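Student: Below: one structure in structure tokens.
Each value in this text was obtained by applying a stated rule to the coordinates, not by laboratory testing. Quick caveat, the model's predicted, so the values are computed rather than measured. Glycine gets a Cβ as well: all are built from the backbone with ideal geometry, and neighbour counts include every protein chain shown.
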């Protein structure tokens, strides 16, 4: 299928042939008929992509500060590599889509194949969206009109926050597409609407709808509004403009009546003058996109609707309200259509995003081809079981795995959306980009599957891979529950297939050196600390169903580090966590571990430390000697006669891990990590959570 993408590194806007996105639970697959180009929003994305690296930095000063912190902790070269990798990732354009349903995921009950729907899908021949981000198109509403659903919902949400009443005077500042729709909906609500813009063409469109119009370049907008509001000022102001100036908000305050309301829908400077708001007791609020539910993963990704009696207007119900307004004639978006262009001629729109056109629509062919995989590079794979398939095209694959994997023969890379996988396939000369991992499992030439998906998908993919006769590498964790672990162990029984978990730290030159210094018999005390940093509470990592939490999902690295150095088997685990209700979080926790050989370890996993401090630290005490490792860059020995220090660039062992993994796959040999150690570490991570819940030691 074809999809429009923006390259952030080169600035190129292009059409890419990618595999059709995979439909997951709670999602629908839509074949697109028309999509609307949001000229304002997409112009910002395109301009950002075309900006130089210095200009990009100026546009995102907060990101520059984060990069400087990363340079201090990780070094310059890894930081530059991370930035370059991020810019290599193309981004999809568009979010106003209309078409018909051609696929329905498990758990979806309100959509069926053949339904006409509007959604926030991108400019692509096929799109996958969660069920709460789509709405049925009424029979009398055309696909062209339905493409205005999402931008209409943005304006509608601003109106809902303003809460206008019949007869009130409301100003709309900025008569772009969202501003025009906002003005028309306010007129339908019985308001006197005053529109401000510097473009006379847009003013004429608004005037034809019944809006009182003012060009600030020709007359004082504050005087104009005062004169058309019986001298008292506007009851409300909705700002839909996009500008860096602080003057827009200042004027909005000046033209408002006492105790007026101002809602920001667009993007403007926000250096507010307290006096403007204080003297009139004005209220100011920023509107969030389509409405309640936006950016809430439980609503958008998991399909958990908000109960209507308590949240009357969610983003989906706002979509439905816009479609109904079009259906009854309260909103007439056809008046705003400047052009309808076939998808293959998209450049006619994107080469002129700064023009005076209002709404541009892309038209799609009915004969679009849906494919689960597409050939990207020409390669031959003659021998059964010699090829490699990567399942997962996210940050770890892009920034860590592929740069370290060397010249291995990669046949597939699979990503749910297809965009990242295709981009990486081109960059690393991978044969096929796919969206369904079963394509990999059904190919007899593939012998090794590398899994780097979200954590909740690991177990089933491992089991499926083993049943298909493939060796497996899976980025940590192995799985999220004891039941999943049991299923994996059952699938492995009776095979000589290997499972390797991405416990890369043990392959770092620092851990290898420390291991060589460790006594085989004398007891060891190990203290490992991870300054993990805070992750937003709504991140999938915290979700126990999806990410498993940060102990199972990341602290398992440190458990494996201690097990590698000990050489023993974990027999008991106890975990405490910070806070009055410690069982509600695993962000700040201390894990104590006992080994069958008498060694003991204490693991500190903290999220409340400074980002400018090293992320990981390890101390080992034994036989009157101490060794200290700082963030896989520096290791110092105390009390040793044959070792004092080791200094390298940041090296967490990824390169050595993948080199050894591919070598073992191609030439054979013992598993890279003993299976019993992988199982023991996995059980220990589960035991840590159980200990926190039961407030006692858990014996394995």
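Student: Whole angstrom only: what separates the Cα centroid of the range 282-302 from the Cα centroid of the range 205-239?
Tutor: After rounding, the separation between the Cα centres reads 29 Å.
Student: Restricting to the chain, compute how many DSSP beta bridges are antiparallel as a %, nearest 5.
Tutor: Close to 55 percent.
Student: Oh, and also: Using the 10 angstrom Cβ neighbour count as an exposure proxy, how do 191, 288, 556, 96 rank, fewest first?
Tutor: Ordered by Cβ neighbours within 10 Å, fewest first: 288, 191, 556, 96.
Student: Where does each of 623, 279 land when they are ranked from fewest to most other beta-carbon atoms within 10 angstrom?
Tutor: Values: 623 13, 279 10.
Placing the least packed residue first, the sequence is 279, 623.
Student: Could you point to the label whose value was computed as semi-axes √(5λ) of the Cα gyration tensor in Å for the structure here, given (1) 64, 25, 22; (2) 52, 30, 23; (3) 72, 28, 20?
Tutor: (2)
Student: List 514, 388 from most exposed to least, where exposure is judged by having the fewest other Cβ atoms within 10 Å.
Tutor: Least to most surrounded, the residues fall as 514, 388.
Student: Next question. Would you mind getting me the FRET efficiency between residue 327 and residue 223? Use the beta-carbon distance for r and R0 = 41 Å, nearest 0.05.
Tutor: Rounded to the nearest 0.05, the efficiency is 0.55.
Student: Based on the mean of other Cβ atoms within 10 Å per residue, sort peptides 461-471, 199-209 so the most packed one is first.
Tutor: Top to bottom by mean Cβ count within 10 Å: 461-471, 199-209.
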